[in-house]
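I have placed the structure first, in the form of structure tokens, so that the comments after it can refer back to it.
The values are calculated or read from the model by the stated rules, or taken from the named source; none is laboratory data. Note that the structure is a prediction, hence the values are computed from the model and not measured. Quick reminder, even Gly has a Cβ in these numbers, built from the backbone with ideal geometry, and neighbours come from all protein chains shown.
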Amino acid sequence: MNTWLDDMFSVKKPVIAMLHLSALPGDPGFDQTAGMAAVISRAARELEALQSGGVDGVMFSNEFSLPYLTKTEPITAIAMANVIGQLSREIQVPFGVNVLWDGVASIDLAAASGAKFVREIFTGVYASDFGLWNTNVGQAARHRSRIGAGDVKLLFNIVPESATYLAHRDIEQVTKTTVFATLPDALCVSGLTAGSSTDSQVLIKVKNAAANVPVIVNTGMRADNAAEQLSVADAAVVGTFFKKDGAFKNEVDRARVAELMSAVKALRLRLQG
């Protein structure tokens, strides 16, 4: 069955690469001496490595804005829009955005930058490393409509990193009610943190309960488990594996990008039969 993913990326089992932006103005880790020029320069290098390595899409994220806010300050999305604007002529694949952990700010950034999709936590209440974390999916959905961003796809992360649901429900129940009541465009299934493997059994449970909504493996996909995880999931988001030595803090290594994409392309050929 075809989904919007096939139309947007023109391939089966697309791989969306994370482009982790360096710490931004207002973040504790921001390098005030090097400034935004250094942020843009690194992002440009990583974009080139990801695209030349063959990824199907890119998602810009303020991954180094640690510790994260659940309602971001305006400067974060503004700085991200600056980076995307500076790189816009170099972006050759469909791109999305993720302003951690703020769904409304992510939608605003998508509308301003031309992003095709956003990924965020749109549903649930959690005890998290960032405090008590609440969401308001109805507000976010109405905000998307109000600002004319109805075509922006919403990727719901239903297994949030660094957090636990306060409601004691199993993942099948969460998936079914999320699909029925909140109208996600896709569901993202994650491990504990960025780079942590996604539990294949959880992935299968979500896929079986998600009806016609696409399911995306959101963390921990590698060249050696790509075939297993994409045999279940409809797409993947990959960040840490693409970094030099597979280390979160490092820059993207084109050779690692090409390695994983080679494994994915081989899987696509097998699926074509």
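Being assigned to a strand (DSSP E or B) and basic (Lys, Arg) is the filter here, so list the residues in the range 138-167 that pass it.
Start the filter on the range 138-167 by keeping residues that are assigned to a strand (DSSP E or B), which leaves 153-157, 163-165.
Within the range 138-167, Lys153 is the sole residue that qualifies.
Which one is surrounded by the most Cβ atoms within 10 Å (Cβ to Cβ), of the residues in the range 228-254 that are part of a helix (DSSP H, G or I) and touching a residue at least 40 places away in the same chain (Cβ under 8 Å)? I'd like the intermediate steps shown before the answer.
Keep residues of the range 228-254 that are part of a helix (DSSP H, G or I), which gives 228-230, 240-242, 244-246, 254.
Restricting the remaining residues to those that are touching a residue at least 40 places away in the same chain (Cβ under 8 Å) gives 230, 240-242, 246, 254.
Working: Leu230: 22, Thr240: 22, Phe241: 23, Phe242: 30, Gly246: 13, Arg254: 18.
Result: Phe242.
Any residue at all in the range 207-227 that is crowded, with 22+ Cβ neighbours inside 10 Å, part of a helix (DSSP H, G or I), touching a residue at least 24 places away in the same chain (Cβ under 8 Å) and of a type in the set (A, V, I, L, M)?
Yes - at least one qualifying residue is present in the range 207-227.
Determine which single condition Ser145 fails, assuming it passes every other condition in (1) surrounded by fewer than 15 Cβ atoms within 10 Å (Cβ to Cβ); (2) closer than 24 Å to Val232 by Cβ; (3) at pLDDT 95 or above.
Of (1) surrounded by fewer than 15 Cβ atoms within 10 Å (Cβ to Cβ); (2) closer than 24 Å to Val232 by Cβ; (3) at pLDDT 95 or above, only one is false for Ser145: (2).
Leu269 fails exactly one of the following numbered conditions: (1) touching an Asp or Glu at 6+ places or on another chain (Cβ under 7 Å); (2) assigned to a helix (DSSP H, G or I). What is the number of that condition?
In the conditions (1) touching an Asp or Glu at 6+ places or on another chain (Cβ under 7 Å); (2) assigned to a helix (DSSP H, G or I), Leu269 misses (1) alone.
Take Val257 and decide whether it is touching a Phe, Trp or Tyr at 6+ places or on another chain (Cβ under 8 Å), assigned to a helix (DSSP H, G or I) and surrounded by 21 or more Cβ atoms within 10 Å (Cβ to Cβ). Even if it seems obvious, please write down each step before you answer.
On the way: touching a Phe, Trp or Tyr at 6+ places or on another chain (Cβ under 8 Å): yes; assigned to a helix (DSSP H, G or I): yes; surrounded by 21 or more Cβ atoms within 10 Å (Cβ to Cβ): yes.
Considered against the rule, which asks whether it is touching a Phe, Trp or Tyr at 6+ places or on another chain (Cβ under 8 Å), assigned to a helix (DSSP H, G or I) and surrounded by 21 or more Cβ atoms within 10 Å (Cβ to Cβ), Val257 comes out as yes.
Among the residues of the range 207-243, what is the count of those that are more than 17 Å from the chain's Cα centre (by Cα) and within 15 Å of Ile171 (Cβ to Cβ)?
6
All but one of (1) more than 14 Å from the chain's Cα centre (by Cα); (2) more than 18 Å from Met59 (Cα to Cα); (3) not basic (Lys, Arg) hold for Asp151; which doesn't?
Against the list (1) more than 14 Å from the chain's Cα centre (by Cα); (2) more than 18 Å from Met59 (Cα to Cα); (3) not basic (Lys, Arg), Asp151 comes up short only on (2).
Can you name the residue in the range 184-206 that is in a loop (DSSP other than H, G, I, E, B) and among the hydrophobic types (A, V, I, L, M, F, W, C) and is also nearest to the chain's Cα centre (by Cα) among such residues? Before you say what the answer is, go through the steps one by one.
Looking only at the range 184-206, we keep the residues that are in a loop (DSSP other than H, G, I, E, B), and these are 184-185, 190-199.
Filter once more, keeping what is among the hydrophobic types (A, V, I, L, M, F, W, C): 192, 194.
Values: Leu192: 15, Ala194: 10 Å.
Here the residue is Ala194.
What is the number of the single condition among (1) farther than 21 Å from Ala23 by Cβ; (2) within 13 Å of the chain's Cα centre (by Cα) that Glu120 does not meet?
Among (1) farther than 21 Å from Ala23 by Cβ; (2) within 13 Å of the chain's Cα centre (by Cα), Glu120 violates only (1).
Within the range 112-137, can you find the residues that are assigned to a helix (DSSP H, G or I) and either touching a strand residue (DSSP E or B) at 6+ places or on another chain (Cβ under 7 Å) or over 21 Å from Leu69 (Cβ atoms) (or both)? Give the derivation first.
So in the range 112-137, the residues assigned to a helix (DSSP H, G or I) come out as 112-113, 137.
Within the range 112-137, Ser113 is the sole residue that qualifies.
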